[in-house]
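Structure first, then comments.
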Amino acid sequence: MKISSARAEPFAAMRRRNLAEAGAKVVVAQAADQVEFLGVSEAELTPAVRAAIATLVIELNDLRSEIQRLKSRLTEAETAADEDPLTTAKNRRAFIREVKRIAAFAQRYDAPASLVYFDLDDLKGINDRFGHAAGDAVLKAVAERLSHNIRESDIVGRMGGDEFAVLLVQADLPTARAKAEQLARLVQVGDWLTPIRVSWGVRQIDPDADPESLVTDADKAMFEMKRSRA
C-alpha cells in the first residue's frame, strides 16, 4: 500500500529537524570547499594552468636537488679546509680548534685530556738519501699509524713538516705518557728504508690555558727529549 503523504526526507535531515524541535543546538553543515591546488580552485585549473603548475613542481624539485648538491659540496669544502693535503690528518688550524673544544669539554665535565707532540728525528736525511717522494710516503705512513692506533674520540694533527700531535681525551698525564710511548714504538718499527726515531712530549690540558700555549708546551717537552738523545 502506497502512502502518498510520506515525505521523502533523508535520515540525516530528519535527525537534525527532530533535534531542532527538541530545542537542541544544531550546526548546519556548510557546503564543501572547492578543491584547490596551490591556491587555484578546481574551476580555474585549465590545461594551461595545469601545465604551468607541473612546470613549477619540476622546477621546485630541481631547486631542492641543487640545494642538496650545494650542501654536499660545502661539507666537502669544509672537510678539505681542515685536512692536511698530504696526510689527511687535521691541519694545524683545525687541530688548534679541536684543542680549544676539548679544553672546554674538560672544564665542563672535569675530565682529563692531554696533548702529545711527536717529531720524526731525521726526515731530512730520508729526503736527502731517497728523495722527497720517499719522505712524503713516510709522513703518510706515520699519520696512518697514529690514526689507526687511537680511539675514535682522539684526534691526530700534522703540525707542519715532520711534526704531528695527538689529542687524547679522558687521559691524564701518566696515561698520556704511556700512550705516547706505545705510539712512538708503533711508528718506529716496520719496513722503513732507514731506521726512524721519534721524539715526543706530553702536556696535560689545562682548561684555562690558551690552545697555542698548550701546543707550545708539548713541543718544548718534545725538544727536551730530542736534546737528551743528542
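A few points about this structure:
- Hits in region 185-201 (condition: assigned to a loop (DSSP other than H, G, I, E, B), in contact (Cβ under 8 Å) with a residue 60 or more places away in the chain and hydrophobic (A, V, I, L, M, F, W, C)): 193, 196
- Close Cβ contacts (under 8 Å, 6 or more residues apart or on different chains) running from residues in region 140-155 that are touching a residue at least 40 places away in the same chain (Cβ under 8 Å) to residues that are in a helix (DSSP H, G or I) and among the aromatic types (Phe, Trp, Tyr) comprise 155/95.
- Unmet requirement for residue 203, which otherwise passes all of (1) among the basic types (Lys, Arg); (2) touching a helix residue (DSSP H, G or I) at 6+ places or on another chain (Cβ under 8 Å); (3) more than 19 Å from residue 113 (Cβ to Cβ): (3)
- Inside region 202-218, residues that are touching a residue at least 40 places away in the same chain (Cβ under 8 Å) and surrounded by fewer than 18 Cβ atoms within 10 Å (Cβ to Cβ) make up a count of 5.
Here is a yes/no grid of residues against (1) hydrophobic (A, V, I, L, M, F, W, C); (2) modelled with pLDDT under 95:
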site: 179; (1), (2): no, no
site: 184; (1), (2): yes, no
site: 191; (1), (2): no, yes
site: 195; (1), (2): no, yes
site: 201; (1), (2): no, no
site: 204; (1), (2): no, no
site: 208; (1), (2): no, yes
site: 229; (1), (2): no, yes
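- Considered as a group, the residues in region 94-111 that are in contact (Cβ under 8 Å) with a residue 12 or more places away in the chain and out of contact with any strand residue (DSSP E or B) (no Cβ under 9 Å at 6 or more places or on another chain) include one that is farthest from residue 211 (Cα to Cα), and that residue is 107.
- Residue match in region 138-153 (condition: open to solvent by less than 60 Å² (accessible area, probe 1.4 Å) and charged (D, E, K, R)): no
- Selection of region 174-188 for residues being more than 15 Å from residue 199 (Cβ to Cβ) and over 29 Å from the mean Cα position of the chain (by Cα) yields 174, 178.
The values are calculated or read from the model by the stated rules, or taken from the named source; none is laboratory data. These figures come from a predicted structure and were not determined experimentally. Cβ atoms come from the backbone with ideal geometry, glycine included; neighbour counts cover every protein chain shown. Areas reflect the complete protein model, heavy atoms only, side chains present, ligands, DNA and RNA absent. Shrake-Rupley method; radii C 1.70, N 1.55, O 1.52, S 1.80 Å.
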